1. How long is the gain from Ala420 to Met52 if the chain were fully straight, where each residue apart is worth 0.36 nm and the alpha carbon distance is subtracted?
2. Using per-residue counts of other Cβ atoms within 10 Å, averaged over each peptide, order 52-65, 394-407 from highest down.
3. Taking 0.36 nm per residue of sequence separation and subtracting the Cα-Cα distance, how much length would be gained by fully extending the chain between Leu16 and Glu413, in nm to one decimal?
4. Taking the number of other C-beta atoms within 10 Å as the exposure measure, put Trp12, Trp232, Trp136 in order starting with the fewest.
5. Any idea how far the Cα center of the range 18-34 sits from the one of the range 332-386, in Å?
6. What FRET efficiency comes out for the pair Glu338/Val71, r = Cβ-Cβ distance, R0 = 25 Å, nearest 0.05?
Amino acid sequence: MPMPKTISRLKWLSGLLFGILFLIAISFAFNLENAIQKHVIAKKLEAQHHGMDILKDPGIRVIFAGTGVPVPSKDRGAQCIAVIANGELLIFDDGGAGVRSLAAWGYPIHKINKVFLTHLHSDHMAGLGGLIGATWIAGRTGPLRVYGPDDSNKLSHTLYPPTSQEYQTGTFTTGRVPDNRRVFELGKPDFPKAPKDYVPGIDYVLRGISMAYEPDVMERNGNVQTRESAPWEMGFAIPHPLPDMESAGTAPDFGWGELKTVYESESGKLKVKAFLVDHYACFPSYGYRIECGGQAVVISGDTEKMTYMAKCAKGADILIHEAVNMRMLEAIAAVLEEKYGDHEKAGHYRGASAHHTDSLDVARTAMEAGVSRLVLTHVIPPIDPGFIHERIFVKGMDDIFRGEIDVARDGMEIYLPPAASE
Ligand SMILES: [Zn+2]
Ligand SMILES: [Zn+2]
């Protein structure tokens, strides 16, 4: 039976209406998508802009980009501390992805041009290769200088391009790395083999990193990285060996408890001073004291309890110190033995104080040094971030040190406003 005309017209009209509504919904969704995209881009650029703005702040800013130890943790990256002072963004250690985290949080990583390593354990320097590349790709326009322990017996620099001197004087050939300047000849039988008494330092480490990343640098130089402002040389780093034991056999160039300026800004306002710390067999290892506008931040690096730490940290506004809680480790060791019979691992935990400083000794150091604030990082055991865990970790410390005590978390930022006299 044929459908009455009015019903078929109604059907046709409702179909048309549905179609129109559908088109409106699509265009609305499309516009909404565009609006969301615009908003996201604006927010990202705003964050990067904010990142640039904080370089102008007059005080000192400390960002904890990685607060962990060699044992991987979902909450704590390996060691990496950023310090922003006098318009510079300095990095102290990068044992993993600290600089990548900084970039993700909106900090202007292309402004990084100096990295200071406390020592050459992997949880403090394994991020170097990625850091060199990431800052270069982000638009770093100047050389990246890496300060760290010296090689105890220098190898020839002939395989290392560009040499520091070439780099600094600009006498290198620009453009694609020429074949005769290849960083290393892979498989070459005389590729640096460490002599028996050889202690590899920053030259040696950067040599290896240059070799590993040479294919990446060369490829990017030919493709992505064609900006004149960021040529291929920026894909490598310049080693700045710290003063060490070379001049006097086994004795360091400078003594225990002595601070040596290893970097000073042109105006003289910002100074980075290094001092020796005692990290068992990992010698030399360093701590750093960053001074700017009458304020000071001290980074202990990895060290066992050291008498001279209080002298080197004297009067600092912030002391950032590694810490092991031996009471917590003893509790873990007891369970390992009783429940799992793992005496070897238990012994390993009990031996931690030979390489690291117990939390109560850290509190004593802070008290002796008269610092205003103490921040613990590189905490062993690597506790989960959270109030309860942190309270257990610092237990007993506030009986010894009366200032503020914090356990650093990844992403934590501290801003020290300029001193009143500044
Ligand atoms: Zn270490
Ligand atoms: Zn470490």
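1. Answer, rounded to one decimal: 130.0 nm.
2. Descending packing order for the listed peptides: 52-65, 394-407.
3. 137.1 nm
4. Fewest-to-most ranking of Trp12, Trp232, Trp136: Trp12, Trp232, Trp136.
5. 60 Å
6. 0.70
None of the figures in this text is laboratory data; all of them are computed from the coordinates on show. Since the structure is predicted, the reported quantities are computational estimates derived from the model, not experimental observations. Note: ideal-geometry Cβ built from the backbone for every residue, glycine included; neighbour counts use all protein chains shown.
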